[in-house]
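What follows is a single structure, written as structure tokens, with notes after it.
The values are calculated or read from the model by the stated rules, or taken from the named source; none is laboratory data. The structure presented is a predicted model; accordingly, all values stated were derived computationally and were not measured. Positions of Cβ are generated from backbone atoms using ideal geometry, with glycine treated the same way; all protein chains shown enter the neighbour counts.
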Amino acid sequence: MSPGHKPRLAVFKFASCDGCQLSLLDCEDELLAIAGAVEIAYFAEASRRMLEGPYDVTLVEGSVTTDEEIEKIKEARRESRFLVSIGACAISGGIQALRNWTDVNEYIHTVYATPKYIDTLAKSHPISDYVPVDFELRGCPISKSQLLELVTSLLIGRKPRVPEYSVCMECKWRGTVCVMVAQGIPCLGPATQAGCNALCPAYNRGCYGCFGPVETPNPLSLGEHFVELGQSRAEVSRAFRSFNGYLPAFREASEQFEDS
């Protein structure tokens, strides 16, 4: 950022549960420091004052599910120096991307009393399907510490440092015995990017893939091991079809187990 210029921060929400924005608010004391270092120009979750762009850093939560949102994200991109997708919805389409494997109109007519009032796209799309994204911050929700690292890095002009290894590394660091080896519990940890401090395995639960696949996840081999543990191939397909199920590695694995 240029000297003497107080960077302008914007936070936009699309189709999501607001969890990633709440992670920013959950920073509490750290948020005060951020607020002192930047001008929070647009953040509907936290302020009634909405300023027009341009913005230096824009954080985008949620997936694109309507034609109106397509135009909105394109406008946000034009007004932003750095645009960052935060969370599974913005990066992969989120849990609402389950609609991508079926006919959304069937659900609309089943759920809503007056379907004609519903205007939605056939699929839930990540932000990167419509505009260039400068960085993606994984998680469902995102990690508070990673968010602080992201904002701080962009303010001082360096690349954010976030982990690229798997959840298994976090299990080892916190001394958690592998639930898959010791208890036969299916766990996506070997194929999932770290960021949660291996929260679920610490409570004797398998990883659900909240931070999406690592760079080389090998999900097919992992899925076959789930079958050896007693899961049906349909159950394996559903395991990959979760928070980040529409990211290519997990999507292709889920479809292969579904069809086999």
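Values computed for the structure shown
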| read-out | value |
| --- | --- |
| Options 73, 95; residue that is within 22 Å of the chain's Cα centre (by Cα), at pLDDT 95 or above and β-branched (Val, Ile, Thr) | 73 |
| Residue satisfying condition, being exposed (fewer than 14 other Cβ atoms within 10 Å of the Cβ) and in the same structural domain as residue 146 (by TED's automatic domain parsing), within set 61, 71 | 71 |
| Criterion violated by residue 176 - all others in (1) farther than 22 Å from residue 240 by Cβ; (2) under 16 Å from the mean Cα position of the chain (by Cα); (3) at pLDDT 95 or above; (4) β-branched (Val, Ile, Thr) satisfied | (2) |
| Qualifying positions in the stretch 23-49 - aliphatic (A, V, I, L, M) and at pLDDT 90 or above | 41, 44 |
| Residue tally, condition touching a helix residue (DSSP H, G or I) at 6+ places or on another chain (Cβ under 6 Å) and of a type in the set (A, V, I, L, M, F, W, C), over the stretch 47-63 | 2 |
| Where a residue in the stretch 231-250 is farther than 15 Å from residue 100 by Cα and at pLDDT 95 or above and its partner, wherever it lies, is hydroxyl-bearing (Ser, Thr, Tyr) and surrounded by fewer than 24 Cβ atoms within 10 Å (Cβ to Cβ), with Cβ under 6 Å and at least six apart | 233/260 |
| Residues satisfying the stated conditions in the stretch 105-155, i.e. of a type in the set (A, V, I, L, M), out of contact with any helix residue (DSSP H, G or I) (no Cβ under 8 Å at 6 or more places or on another chain) and closer than 20 Å to residue 82 by Cβ | 150, 154 |
| The one condition in (1) over 28 Å from residue 95 (Cβ atoms); (2) of a type in the set (D, E, K, R); (3) free of Cβ contacts under 8 Å to residues at least 12 places away in the same chain that residue 28 fails to fulfil | (1) |
| Scan of the stretch 1-32 for residues that are part of a helix (DSSP H, G or I) and either of a type in the set (Phe, Trp, Tyr) or under 20 Å from the mean Cα position of the chain (by Cα) (or both), ordered by number | 19, 20, 21, 22, 23, 24, 25 |
| Members of the stretch 174-209 that are outside any loop (DSSP other than H, G, I, E, B) and in contact (Cβ under 8 Å) with a residue 24 or more places away in the chain | 174, 179, 180, 190, 191, 192, 193, 201, 202 |
| Filter result (within 22 Å of the chain's Cα centre (by Cα) and either buried (at least 21 other Cβ atoms within 10 Å of the Cβ) or under 24 Å from residue 157 (Cα atoms) (or both)) within the stretch 41-54 | 42, 43 |
| Single residue of the stretch 110-147 satisfying the filter (of a type in the set (D, E, K, R) and surrounded by fewer than 23 Cβ atoms within 10 Å (Cβ to Cβ)) that is nearest to the chain's Cα centre (by Cα) | 136 |
| Filter result (polar (S, T, N, Q), surrounded by 15 or more Cβ atoms within 10 Å (Cβ to Cβ) and either part of a loop (DSSP other than H, G, I, E, B) or more than 24 Å from the chain's Cα centre (by Cα) (or both)) within the stretch 210-260 | 231, 242, 244 |
